[in-house]
Amino acid sequence: MKVRLIVGLGNPGPKYRYTRHNLGFLALDDLQSPQQKNWTSWAGGLYAAPSNFENSLLLKPQTFMNLSGQVVAKYIKKYSIKMEEVLVVHDEADLDEGILKLKKGGGHGGHNGLRSIMQETASRDFLRLRVGCGKHPHMELAAFLLAKAPPELLLSLAQKTSDVVRDVLEQGFVTAQQKLHRES
């Protein structure tokens, strides 16, 4: 099954740019070539069609995280995309910082962006790229995820994440998953 829609989860605006909760947005920005940083606005989202991955769209919902599913639902309907053809890139507090895992289906694990997608599409059958950001021992989880983080840390994680997305698009989900989990 080919991945046709890659959704990066995050929150819109410069206030949230360098937060762990925006790792999905940062990874999609990294996925585009330097000369191709143009995003088009439609239906509450910013999308781009990367030239090196035919028939795939990148999507950054411009709603807040807990409403991401509204935007995703509009795109899958407009482009007749099956949920099995959707890859959602998101932060994952249950994984240590820097650990990446590919997964198909499952629950939302308390992640409001995933919860919204599941509610709006009535499906759990999408692919996920979980980007480990860990938890802070003394901060409430939401505060930690929305706090500014060192840009160099997040950009390094975003590049590592976009490399895995490239593997999924070039080699397929199962092969990319096997490669990633072998390296972990």
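Computed from the coordinates by the stated procedures, all read-outs in this text should not be read as laboratory data. Quantities reported herein were computed from a predicted structural model and do not represent experimental measurements. Reconstructed Cβ throughout: ideal geometry from the backbone, glycine too, with neighbour counts over all protein chains shown.
Things to note:
- In a simple Cβ point-charge model (Lys, Arg +1; Asp, Glu -1; nothing else charged), segment 5-183 has a dipole of about 360 debye relative to its Cα centre.
- When the Cα positions of Q119, P151, T175 are compared along the charge dipole of segment 77-184, Q119 comes out farthest toward the positive end, with charges on each C-beta of Lys, Arg, Asp and Glu.
- Under 11 Å, Cβ to Cβ, from E120 - net charge with Lys/Arg +1 and Asp/Glu -1: +3
- Two tests apply to each whole DSSP H helix in the chain, Cα reach of 27 Å or more along its axis and mean Kyte-Doolittle hydropathy of at least -0.5, and the ones passing both are 151-171.
- Rounded to 5, the percent of DSSP beta bridges in the chain classed as antiparallel: 50 percent
- Fraction of alpha-carbon pairs over 20 Å apart in the chain - percent: 48 percent
- The GluC sites (Glu not before Pro) of segment 1-93 meeting both criteria, a DSSP state outside H, G, I, E and B (loop) and at most 15 other C-beta atoms within 10 angstrom of the site's C-beta, are E54.
- With neighbours defined as other Cβ atoms within 10 Å of a residue's Cβ, the residues S80, S123, S68, S56 order from fewest to most as S80, S123, S56, S68.
- Other residues with beta-carbon under 10 Å from the beta-carbon of G45 carry, at +1 per Lys or Arg and -1 per Asp or Glu, a net charge of +2.
- Over 22 Å between alpha carbons, listed pairs K103/K160; K15/K74; K148/K179; K78/K101; K77/K101: K15/K74; K148/K179; K78/K101; K77/K101
- Point-to-point label distance, N55-K2, nm (Cα→Cβ direction, 7 Å offset): 0.2 nm
- If only the Cβ of Lys and Arg carry +1 and only the Cβ of Asp and Glu carry -1, the dipole of segment 116-184 around its Cα centre is close to 140 debye.
- Full extension of the chain between F64 and K15 yields a length gain of 16.4 nm, computed as 0.36 nm times the residue separation minus the alpha carbon distance.
- Farthest toward positive dipole pole in the chain [+1 Lys/Arg, -1 Asp/Glu at C-beta], among A27, M83, N38: M83
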